[in-house]
Amino acid sequence: MVLQFISRLIKDLALSISILVLFSAPADAKKRVPPGGRVAVVVDERLAALRVGPDLTAKLVERLSRGHLVSIRGERVTGDGLKFYRVAISRRRFGWLQSDAVVVPWRAGDDTRLVRLIESSDEFDRIIRARTFLDVFPRSLLRPRVLALYGNEAEDIAEKLTRDAGRRFAKNELPPNGAPEFSYYLNYNGLDRYNREGVTFQFDRVARRFNYNGAAWREILKRYPNSAEAMEARKHLAALGRLELK
(Lines give C-alpha, C1' and ligand atoms only; values in the text may rest on other atoms or scores of the structure.)
Protein backbone atom coordinates (compact mmCIF):
# COMPACT_ATOMS: atom_id res chain seq x y z
CA MET A 1 0.00 0.00 0.00
CA VAL A 2 2.79 2.41 0.98
CA LEU A 3 4.81 1.49 -2.12
CA GLN A 4 1.79 2.08 -4.36
CA PHE A 5 1.23 5.50 -2.77
CA ILE A 6 4.89 6.46 -3.23
CA SER A 7 4.85 5.22 -6.85
CA ARG A 8 1.75 7.29 -7.63
CA LEU A 9 3.24 10.34 -5.90
CA ILE A 10 6.41 10.09 -7.98
CA LYS A 11 4.38 9.69 -11.17
CA ASP A 12 2.25 12.75 -10.39
CA LEU A 13 5.35 14.79 -9.57
CA ALA A 14 6.98 13.78 -12.85
CA LEU A 15 3.90 14.77 -14.83
CA SER A 16 3.71 18.13 -13.05
CA ILE A 17 7.39 18.79 -13.77
CA SER A 18 6.92 17.87 -17.44
CA ILE A 19 4.07 20.36 -17.79
CA LEU A 20 6.15 22.98 -16.00
CA VAL A 21 8.95 22.51 -18.53
CA LEU A 22 6.61 22.42 -21.54
CA PHE A 23 4.73 25.55 -20.54
CA SER A 24 7.53 27.58 -19.02
CA ALA A 25 7.06 31.13 -20.24
CA PRO A 26 8.10 33.78 -17.72
CA ALA A 27 6.38 36.60 -19.59
CA ASP A 28 3.02 34.79 -19.54
CA ALA A 29 1.48 34.67 -16.08
CA LYS A 30 -1.24 32.22 -17.05
CA LYS A 31 1.44 29.60 -17.82
CA ARG A 32 3.10 29.74 -14.44
CA VAL A 33 2.48 26.50 -12.59
CA PRO A 34 0.62 27.09 -9.29
CA PRO A 35 2.19 25.39 -6.27
CA GLY A 36 0.98 22.01 -5.00
CA GLY A 37 -1.56 19.56 -6.34
CA ARG A 38 -1.83 18.08 -9.81
CA VAL A 39 -1.40 20.40 -12.77
CA ALA A 40 -4.17 20.77 -15.36
CA VAL A 41 -4.50 22.95 -18.47
CA VAL A 42 -7.60 24.92 -19.46
CA VAL A 43 -8.65 23.95 -23.01
CA ASP A 44 -12.30 25.03 -23.12
CA GLU A 45 -12.70 28.61 -21.97
CA ARG A 46 -16.48 28.36 -22.45
CA LEU A 47 -16.60 26.19 -19.31
CA ALA A 48 -13.69 27.79 -17.46
CA ALA A 49 -15.66 29.82 -14.92
CA LEU A 50 -13.79 29.78 -11.62
CA ARG A 51 -16.40 29.89 -8.84
CA VAL A 52 -16.46 30.12 -5.05
CA GLY A 53 -18.24 26.77 -4.80
CA PRO A 54 -18.83 23.55 -6.79
CA ASP A 55 -22.05 24.75 -8.37
CA LEU A 56 -22.85 26.40 -11.71
CA THR A 57 -24.83 29.09 -9.88
CA ALA A 58 -22.04 29.86 -7.37
CA LYS A 59 -20.51 33.33 -7.47
CA LEU A 60 -17.96 33.85 -10.25
CA VAL A 61 -14.41 34.56 -9.15
CA GLU A 62 -13.03 34.99 -12.66
CA ARG A 63 -13.09 33.37 -16.08
CA LEU A 64 -9.89 31.59 -16.99
CA SER A 65 -8.48 31.84 -20.49
CA ARG A 66 -7.43 28.94 -22.67
CA GLY A 67 -3.95 27.67 -21.81
CA HIS A 68 -4.19 28.74 -18.18
CA LEU A 69 -2.51 26.31 -15.77
CA VAL A 70 -4.26 25.35 -12.54
CA SER A 71 -3.32 23.09 -9.65
CA ILE A 72 -5.99 20.59 -8.59
CA ARG A 73 -6.42 20.32 -4.81
CA GLY A 74 -9.65 18.32 -4.57
CA GLU A 75 -12.84 17.35 -6.37
CA ARG A 76 -16.56 16.99 -5.86
CA VAL A 77 -19.42 15.55 -7.93
CA THR A 78 -22.72 17.44 -7.84
CA GLY A 79 -26.19 15.94 -7.69
CA ASP A 80 -26.62 16.37 -11.44
CA GLY A 81 -23.42 14.46 -12.20
CA LEU A 82 -21.04 17.34 -12.89
CA LYS A 83 -17.54 17.00 -11.50
CA PHE A 84 -15.83 20.09 -10.11
CA TYR A 85 -12.17 20.48 -9.21
CA ARG A 86 -11.04 22.70 -6.39
CA VAL A 87 -8.07 24.45 -7.96
CA ALA A 88 -5.38 26.97 -7.14
CA ILE A 89 -4.37 29.52 -9.74
CA SER A 90 -1.78 31.17 -7.49
CA ARG A 91 -0.58 30.90 -3.90
CA ARG A 92 -3.54 32.93 -2.67
CA ARG A 93 -6.30 32.42 -5.25
CA PHE A 94 -8.52 29.35 -5.21
CA GLY A 95 -11.89 28.30 -6.57
CA TRP A 96 -13.97 25.57 -8.12
CA LEU A 97 -13.79 24.73 -11.82
CA GLN A 98 -15.89 22.35 -13.90
CA SER A 99 -13.63 19.41 -14.75
CA ASP A 100 -14.63 19.48 -18.44
CA ALA A 101 -12.82 22.82 -18.83
CA VAL A 102 -9.39 21.25 -18.36
CA VAL A 103 -7.26 18.32 -19.49
CA VAL A 104 -4.66 16.48 -17.46
CA PRO A 105 -2.15 13.87 -18.65
CA TRP A 106 -3.02 11.44 -15.85
CA ARG A 107 -6.81 11.31 -16.45
CA ALA A 108 -7.80 8.44 -18.75
CA GLY A 109 -9.48 9.57 -21.97
CA ASP A 110 -8.46 13.21 -21.78
CA ASP A 111 -6.36 12.90 -24.93
CA THR A 112 -9.40 11.56 -26.83
CA ARG A 113 -11.62 14.31 -25.43
CA LEU A 114 -9.17 16.99 -26.49
CA VAL A 115 -8.91 15.51 -30.01
CA ARG A 116 -12.70 15.83 -30.37
CA LEU A 117 -12.46 19.45 -29.25
CA ILE A 118 -9.64 20.09 -31.75
CA GLU A 119 -11.68 18.57 -34.58
CA SER A 120 -14.64 20.81 -33.79
CA SER A 121 -12.41 23.92 -33.82
CA ASP A 122 -10.89 25.82 -36.74
CA GLU A 123 -8.12 28.28 -37.60
CA PHE A 124 -6.36 29.71 -34.54
CA ASP A 125 -8.50 27.77 -32.06
CA ARG A 126 -7.55 24.49 -33.71
CA ILE A 127 -3.86 25.45 -33.77
CA ILE A 128 -3.72 26.44 -30.10
CA ARG A 129 -5.64 23.38 -28.90
CA ALA A 130 -3.53 21.07 -31.05
CA ARG A 131 -0.41 22.73 -29.65
CA THR A 132 -1.69 22.11 -26.13
CA PHE A 133 -2.29 18.44 -26.98
CA LEU A 134 1.23 18.04 -28.37
CA ASP A 135 2.69 19.60 -25.22
CA VAL A 136 0.57 17.74 -22.66
CA PHE A 137 0.32 14.29 -24.29
CA PRO A 138 3.78 13.51 -25.71
CA ARG A 139 3.19 9.72 -25.61
CA SER A 140 -0.45 9.52 -26.70
CA LEU A 141 -1.28 7.10 -29.53
CA LEU A 142 -3.39 9.91 -31.01
CA ARG A 143 -0.38 12.18 -31.50
CA PRO A 144 0.10 11.44 -35.27
CA ARG A 145 -3.55 12.29 -35.85
CA VAL A 146 -3.19 15.60 -34.04
CA LEU A 147 0.03 16.41 -35.90
CA ALA A 148 -1.84 15.90 -39.18
CA LEU A 149 -4.69 18.16 -38.00
CA TYR A 150 -2.12 20.74 -36.97
CA GLY A 151 -0.27 20.58 -40.31
CA ASN A 152 -3.42 20.77 -42.42
CA GLU A 153 -4.73 23.73 -40.46
CA ALA A 154 -1.38 25.54 -40.68
CA GLU A 155 -1.43 25.14 -44.48
CA ASP A 156 -4.98 26.51 -44.68
CA ILE A 157 -3.94 29.43 -42.50
CA ALA A 158 -0.96 30.11 -44.80
CA GLU A 159 -3.38 30.58 -47.70
CA LYS A 160 -5.55 32.94 -45.67
CA LEU A 161 -2.52 34.93 -44.53
CA THR A 162 -1.40 35.21 -48.17
CA ARG A 163 -4.76 36.68 -49.19
CA ASP A 164 -4.95 39.05 -46.23
CA ALA A 165 -1.37 40.29 -46.56
CA GLY A 166 -1.75 40.65 -50.33
CA ARG A 167 -4.67 43.02 -49.83
CA ARG A 168 -2.77 44.85 -47.11
CA PHE A 169 0.44 45.21 -49.11
CA ALA A 170 -0.89 45.98 -52.55
CA LYS A 171 2.08 47.13 -54.62
CA ASN A 172 0.98 50.76 -54.71
CA GLU A 173 0.84 50.84 -50.90
CA LEU A 174 4.50 49.97 -50.38
CA PRO A 175 7.05 52.79 -50.55
CA PRO A 176 9.08 52.43 -53.77
CA ASN A 177 12.36 53.26 -52.05
CA GLY A 178 11.63 51.69 -48.67
CA ALA A 179 12.56 48.37 -47.09
CA PRO A 180 12.57 45.21 -49.25
CA GLU A 181 9.07 43.99 -50.09
CA PHE A 182 9.53 40.55 -48.51
CA SER A 183 10.38 42.15 -45.16
CA TYR A 184 6.95 43.80 -45.04
CA TYR A 185 5.34 40.40 -45.51
CA LEU A 186 7.46 38.66 -42.89
CA ASN A 187 6.69 41.49 -40.45
CA TYR A 188 2.95 41.28 -41.20
CA ASN A 189 1.10 41.50 -37.89
CA GLY A 190 -1.25 38.70 -38.90
CA LEU A 191 1.66 36.33 -38.24
CA ASP A 192 2.16 37.47 -34.66
CA ARG A 193 -0.19 35.21 -32.73
CA TYR A 194 0.92 32.16 -34.70
CA ASN A 195 4.56 33.03 -34.12
CA ARG A 196 3.92 33.16 -30.37
CA GLU A 197 2.58 29.61 -30.55
CA GLY A 198 5.61 28.36 -32.47
CA VAL A 199 3.97 28.09 -35.91
CA THR A 200 6.47 29.17 -38.56
CA PHE A 201 5.57 30.29 -42.06
CA GLN A 202 7.98 30.76 -44.95
CA PHE A 203 7.49 33.42 -47.62
CA ASP A 204 7.85 32.77 -51.34
CA ARG A 205 9.20 36.05 -52.71
CA VAL A 206 8.38 35.24 -56.34
CA ALA A 207 4.80 34.06 -55.82
CA ARG A 208 4.29 36.45 -52.88
CA ARG A 209 2.74 33.76 -50.72
CA PHE A 210 3.18 32.20 -47.31
CA ASN A 211 3.82 28.48 -46.87
CA TYR A 212 3.76 26.46 -43.65
CA ASN A 213 7.27 25.22 -42.91
CA GLY A 214 6.08 21.61 -42.49
CA ALA A 215 7.37 20.91 -38.96
CA ALA A 216 4.36 18.73 -38.06
CA TRP A 217 4.76 16.66 -41.22
CA ARG A 218 8.46 16.14 -40.49
CA GLU A 219 7.71 14.98 -36.96
CA ILE A 220 5.23 12.42 -38.30
CA LEU A 221 7.84 10.95 -40.65
CA LYS A 222 10.54 10.98 -37.99
CA ARG A 223 8.57 9.49 -35.10
CA TYR A 224 5.68 7.67 -36.79
CA PRO A 225 6.92 6.53 -40.23
CA ASN A 226 4.52 3.56 -40.28
CA SER A 227 1.42 5.49 -39.22
CA ALA A 228 -1.61 6.09 -41.42
CA GLU A 229 -0.68 9.79 -41.45
CA ALA A 230 2.84 9.18 -42.82
CA MET A 231 1.70 8.90 -46.44
CA GLU A 232 -0.10 12.23 -46.19
CA ALA A 233 2.97 13.77 -44.57
CA ARG A 234 5.18 12.66 -47.47
CA LYS A 235 2.80 14.24 -49.99
CA HIS A 236 2.77 17.55 -48.14
CA LEU A 237 6.54 17.64 -47.77
CA ALA A 238 7.01 16.72 -51.43
CA ALA A 239 4.75 19.63 -52.41
CA LEU A 240 6.68 21.91 -50.07
CA GLY A 241 9.94 20.75 -51.65
CA ARG A 242 8.68 21.65 -55.11
CA LEU A 243 7.64 25.05 -53.88
CA GLU A 244 11.08 25.62 -52.36
CA LEU A 245 12.78 24.67 -55.65
CA LYS A 246 10.81 27.16 -57.75
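The values are calculated or read from the model by the stated rules, or taken from the named source; none is laboratory data. Predicted model, so just to flag it, every value in this text is computed and none were measured. Cβ placement follows ideal geometry from the backbone for every residue including glycine, while neighbour counts extend to all protein chains displayed. We work out accessible area using only protein heavy atoms, side chains counted, and drop any ligands, DNA or RNA first. Shrake-Rupley method; radii C 1.70, N 1.55, O 1.52, S 1.80 Å.
Tabulated data
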quantity	calculated
Yes/no for SER183 being among the polar types (S, T, N, Q) and in contact (Cβ under 8 Å) with a residue 60 or more places away in the chain	no
Candidate set from segment 159-175 (those that are open to solvent by 50 Å² or more (accessible area, probe 1.4 Å) and either among the polar types (S, T, N, Q) or outside any helix (DSSP H, G or I) (or both)); member that is modelled with the highest pLDDT	PRO175
Hits in segment 192-217 (condition: within 21 Å of the chain's Cα centre (by Cα) and more than 20 Å from LEU134 (Cβ to Cβ))	ASP192, GLN202, ASN211
Hits in segment 107-131 - residues which are part of a loop (DSSP other than H, G, I, E, B) and surrounded by 15 or more Cβ atoms within 10 Å (Cβ to Cβ)	SER121
Every pair of residues 6+ apart whose Cβ atoms lie under 6 Å, when the first sits in segment 137-162 and is within 14 Å of PHE124 (Cβ to Cβ) while the second is assigned to a helix (DSSP H, G or I) and of a type in the set (Gly, Ala, Ser)	LEU149/ALA130; TYR150/ALA130; TYR150/ALA216; LEU161/GLY190
Qualifying residue in segment 124-147 (condition: hydroxyl-bearing (Ser, Thr, Tyr), modelled with pLDDT of 95 or more and within 13 Å of the chain's Cα centre (by Cα))	no
Yes/no for ARG234 being touching a residue at least 12 places away in the same chain (Cβ under 8 Å), under 29 Å from GLU119 (Cβ atoms) and basic (Lys, Arg)	yes
Flag for ARG92 being free of Cβ contacts under 8 Å to residues at least 12 places away in the same chain and surrounded by fewer than 16 Cβ atoms within 10 Å (Cβ to Cβ)	yes
Qualifying residue in segment 198-212 (condition: over 27 Å from ARG143 (Cβ atoms), among the aromatic types (Phe, Trp, Tyr) and touching a strand residue (DSSP E or B) at 6+ places or on another chain (Cβ under 8 Å))	yes
Residues that are open to solvent by less than 30 Å² (accessible area, probe 1.4 Å) and of a type in the set (Gly, Ala, Ser), drawn from segment 184-220	GLY190, GLY214, ALA216
Residues satisfying the stated conditions in segment 132-153, i.e. under 29 Å from GLU62 (Cβ atoms) and either of a type in the set (Ser, Thr, Tyr) or part of a helix (DSSP H, G or I) (or both)	THR132, PHE133, LEU134, ASP135, VAL136
Pair list, Cβ < 7 Å and 6+ apart or interchain, from segment 197-219 residues that are free of Cβ contacts under 8 Å to residues at least 24 places away in the same chain to residues that are hydroxyl-bearing (Ser, Thr, Tyr) and open to solvent by less than 50 Å² (accessible area, probe 1.4 Å)	PHE203/TYR185
